[in-house]
Amino acid sequence: MSYSKDVGEVSARYRPAGEVPSVTYPSGTHVVFTAPGSATNGQYGLFEWNMTGTRGGADPHFHKTFSESFYIMEGTVRLFNGDTWIDAVKGDFLYVPQGGIHAFSNESGAPARMLILFAPGPPREKYFTELADIRSARAQTDGTGVDRGVGPPRPVPRLTRRLGVRLASSRSISSQFDGSSSRSLA
């Protein structure tokens, strides 16, 4: 997609920090929808992912319709590149093209922050908001008030299929992933 006119135009969009939507998971992870696709004409989506020291993240999965990139801003985040887990630290970057198996997790016991970039920018904020609702309901149902993040809650497979996330089968994952730390996508 290119700009077709020979003259520039006034088209920039400004959104103050106080107007940026966000969602908080029962684990305390806070996701800021910094620049969702709705604010970028679908060209990309940029989210700030703020994780507490609570263990959690996303199981290996892939996307058919968009790429995903991770930029670590603080702490240590374990990133899965489809072959191996990497302890990524401030300034590290991982690009995952369409179809690339990937995952992330905070297993350090300390807070961590990263930016996640989706391109093009599908409506991912709805997925993460619905997932937070599911995880909150599960935390309340088990009586602890804490979502332990072990295994996907029952409605998650329907949600992931509807919004373009495909969980990677164990056959498609390298033997370096032992599968012992199952987490759903948040």
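Among the residues of the stretch 1-25, what is the count of those that are touching a strand residue (DSSP E or B) at 6+ places or on another chain (Cβ under 7 Å) and either assigned to a loop (DSSP other than H, G, I, E, B) or touching a residue at least 60 places away in the same chain (Cβ under 8 Å) (or both)?
Residues of the stretch 1-25 that are touching a strand residue (DSSP E or B) at 6+ places or on another chain (Cβ under 7 Å), as a first pass: 20-24.
Now drop any that are not either assigned to a loop (DSSP other than H, G, I, E, B) or touching a residue at least 60 places away in the same chain (Cβ under 8 Å) (or both), which leaves 20-21, 23-24.
Total meeting the criteria: 4.
For W49, state whether it is touching a residue at least 40 places away in the same chain (Cβ under 8 Å) and either over 20 Å from A119 (Cα atoms) or surrounded by fewer than 16 Cβ atoms within 10 Å (Cβ to Cβ) (or both).
When the stated conditions are applied, W49 does not pass them.
Take the conditions over 17 Å from H102 (Cβ atoms) and either surrounded by fewer than 16 Cβ atoms within 10 Å (Cβ to Cβ) or touching a residue at least 40 places away in the same chain (Cβ under 8 Å) (or both) and apply them to P60. Does it pass?
Numbers: over 17 Å from H102 (Cβ atoms): no; either surrounded by fewer than 16 Cβ atoms within 10 Å (Cβ to Cβ) or touching a residue at least 40 places away in the same chain (Cβ under 8 Å) (or both): yes.
Spelling it out, it is not the case that P60 is over 17 Å from H102 (Cβ atoms) and either surrounded by fewer than 16 Cβ atoms within 10 Å (Cβ to Cβ) or touching a residue at least 40 places away in the same chain (Cβ under 8 Å) (or both).
For the stretch 31-46, which positions are surrounded by fewer than 20 Cβ atoms within 10 Å (Cβ to Cβ) and either among the aromatic types (F, W, Y) or touching an Asp or Glu at 6+ places or on another chain (Cβ under 7 Å) (or both)?
The answer is V32, T34, Y44.
Mind telling me which of the residues F104, F62 ends up being in a strand (DSSP E or B) and touching a helix residue (DSSP H, G or I) at 6+ places or on another chain (Cβ under 9 Å)?
Sole residue among the options that is in a strand (DSSP E or B) and touching a helix residue (DSSP H, G or I) at 6+ places or on another chain (Cβ under 9 Å): F62.
Looking at the stretch 59-79, which of the residues that are among the acidic types (D, E) and modelled with pLDDT of 95 or more is nearest to R124 (Cα to Cα)?
E68
In the set G42, G57, G28, which member is in a loop (DSSP other than H, G, I, E, B) and under 18 Å from F104 (Cα atoms)?
Exactly one residue qualifies, and that residue is G28.
The values are calculated or read from the model by the stated rules, or taken from the named source; none is laboratory data. Please read all numbers here as calculations on a predicted model, not as lab measurements. Don't worry about glycine lacking a Cβ; one is built from the backbone with ideal geometry, like all the others, and counts go over all protein chains shown.
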